[in-house]
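These notes concern the structure reproduced below.
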């Protein structure tokens, strides 16, 4: 079974929480140092219209259709923690 989210740093923990309005991606950075360019890929059921970091605001993202929905990818700065909202 494929992971629902792939993170470029092994010491970043990710929690994925789905709702009818979208997905919340909760990130915790256990390096305790800022990561300037964290790469994230996540599978979602529907095409997203917006991806927003609660810490830094809207994020640029790319989405591609898969057989089960969409895969989106984006890069972001991560300090200690953040919540990324993926709006459908």
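Could you tell me whether residue 63 is over 13 Å from residue 9 (Cβ atoms), touching a residue at least 12 places away in the same chain (Cβ under 8 Å) and surrounded by 17 or more Cβ atoms within 10 Å (Cβ to Cβ)? So residue 63 passes the test.
Among the residues of the stretch 69-79, those identified as within 12 Å of the chain's Cα centre (by Cα) and more than 17 Å from residue 22 (Cβ to Cβ) are 75, 77, 78. The strands (runs of 3 or more DSSP E) found entirely in the stretch 1-68 that carry 3 or more residues being over 10 Å from the mean Cα position of the chain (by Cα), modelled with pLDDT of 95 or more and more than 14 Å from residue 85 (Cα to Cα) are 35-44, 62-66. Of the residues making up the stretch 69-88, just one is at pLDDT 95 or above, touching a strand residue (DSSP E or B) at 6+ places or on another chain (Cβ under 6 Å) and not in a strand (DSSP E or B), namely 80. Taken over the stretch 21-49, residues that are exposed (fewer than 15 other Cβ atoms within 10 Å of the Cβ) and in contact (Cβ under 8 Å) with a residue 12 or more places away in the chain amount to 14.
The values are calculated or read from the model by the stated rules, or taken from the named source; none is laboratory data. Predicted model only: the values in this text are computed from it and were never measured. Cβ: placed from backbone, ideal geometry, glycine included. Neighbour counts: every protein chain shown.
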